[in-house]
Amino acid sequence: MFSSKKQLIKRTGKNPVGRYDFLKLLATEFQTTKSKEAREQVLANLANFAYDPINYGYIRQLQIIDLFLHTLSENNIKLVRFAAAAICNLCADPINKLYILRNQGIHLLTSLLSSQDEDTVLSAITSLIFLLIPESKNEITAELIEKISVLSNCENNHEISVFKKITKDDILNFAKLTGDYNPIHFGTSNNLVHGALLNGLVSGVIGTKMPGPGTVVIGQNFTFPAPCYAGDTIEIKVQIVSARKIMKCEYVCIANEKKIVLKGNATFIKRSLNVKA
């Protein structure tokens, strides 16, 4: 990614006139304009300059890194997204990395992990991974690393499918556990599966596979579009649709690859597991 000195001279000349002054003008306009649209456009332009290592010296001289860091706390989603993307690219440089670290970068980036904007979260995750260096060991705790890992896995692995064939014994054992001996589950040739049993299968996937151990469901909505019977093979599909502080998934149970027998969504949080031997 980084250009050698020889390559930089070839690209810009020995005296790259204008680049410093242009960046200075952009930074000044961002800080002085009262127009929301202008600030968004200017910051987008500044963020684009953060993609190229040739600009890093100028960005540091003009204290544009401070401008990006300060913007991470604003309420404007677009501004935060642009600033987070800029910080993400700047973090690849060792000098920038230390500067960001020493100016509350980890605290500011950690606060973005609960953002509702996916691009912002991805930039924050990537930046924090870049900042996993010896100098940050007191700020990037084991709990934060686990949170980064969880969010990263959810962003990159959105869906899982698990198959289960439901037997008459499954229905009987569920009835014994719950006391639900409603005859519709036993008094016919086709034993109707308890709806709560199907929902329990979904819970098993959420709690052990995606997102996995430590998941606590705090809300659910679901329907049963079609009946499910003993002997049916069920595909339980869970898809993460929002990986934030309060996460959200959608799920379906499909019987014999033909009909949806359960459809719903759930919100949940992910807690740290501090297991002591």
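Each row is one residue, and each column tells you yes or no for (1) over 15 Å from Leu132 (Cα atoms); (2) surrounded by fewer than 23 Cβ atoms within 10 Å (Cβ to Cβ); (3) polar (S, T, N, Q).
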{"site": "Tyr58", "(1), (2), (3)": "yes, yes, no"}
{"site": "Gln63", "(1), (2), (3)": "yes, yes, yes"}
{"site": "His70", "(1), (2), (3)": "yes, yes, no"}
{"site": "Asn75", "(1), (2), (3)": "yes, yes, yes"}
{"site": "Leu98", "(1), (2), (3)": "no, yes, no"}
{"site": "Arg102", "(1), (2), (3)": "no, yes, no"}
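Hey, any hits in segment 214-233 for a residue that's within 15 Å of Ile160 (Cα to Cα) and of a type outside the set (Ser, Thr, Tyr)? Looking through segment 214-233, none of the residues is within 15 Å of Ile160 (Cα to Cα) and of a type outside the set (Ser, Thr, Tyr). The lone criterion from (1) within 18 Å of Thr126 (Cα to Cα); (2) among the aromatic types (Phe, Trp, Tyr); (3) modelled with pLDDT of 90 or more left unmet by Tyr58 is number (1). Within segment 22-52, restricting attention to residues that are basic (Lys, Arg) and in contact (Cβ under 8 Å) with a residue 40 or more places away in the chain, the residue that is nearest to Leu69 (Cα to Cα) is Arg39.
Cβ-Cβ contacts under 8 Å between residues 6 or more apart (or on different chains), taken from a first residue in segment 210-229 that is assigned by TED's automatic domain parsing to the domain that holds Thr188 to a second residue that is of a type in the set (Gly, Ala, Ser) and in a loop (DSSP other than H, G, I, E, B), are listed as Gly214/Ser272. Mind checking whether some residue in segment 79-93 is surrounded by fewer than 16 Cβ atoms within 10 Å (Cβ to Cβ), out of contact with any Leu (no Cβ under 7 Å at 6 or more places or on another chain) and assigned by TED's automatic domain parsing to the domain that holds Ser136? The answer is no; no qualifying residue exists.
If the condition is being assigned to a loop (DSSP other than H, G, I, E, B), in contact (Cβ under 8 Å) with a residue 24 or more places away in the chain and over 18 Å from Lys258 (Cα atoms), then segment 163-193 contributes Thr167, Asn191. Arg60 meets each of the listed conditions (1) in a helix (DSSP H, G or I); (2) over 21 Å from Phe30 (Cα atoms) apart from (2). The condition (being in contact with a Ser or Thr (Cβ under 8 Å, 6 or more places away or on another chain), modelled with pLDDT under 85 and either not hydrophobic (A, V, I, L, M, F, W, C) or not assigned by TED's automatic domain parsing to the domain that holds Asp66 (or both)) is satisfied by just one residue among Lys165, Lys137: Lys165. Could you look through segment 217-248, keep only residues that are part of a loop (DSSP other than H, G, I, E, B), aliphatic (A, V, I, L, M) and within 21 Å of Phe174 (Cα to Cα), and pick out the one that is modelled with the lowest pLDDT? It comes out as Ala230. In the condition set (1) buried (at least 18 other Cβ atoms within 10 Å of the Cβ); (2) at pLDDT below 85, Ala277 is compliant with all but (1).
Counting only helices (runs of 4 or more DSSP H) that fall entirely inside segment 1-53 and contain at least 2 residues that are modelled with pLDDT under 90, the qualifying elements are 5-12, 19-32.
The values are calculated or read from the model by the stated rules, or taken from the named source; none is laboratory data. Everything quoted here is computed from the prediction, not taken from an experiment. A quick note on method: Cβ atoms are made from the backbone with ideal geometry, for glycine too, and the neighbour counts reach across all protein chains shown.
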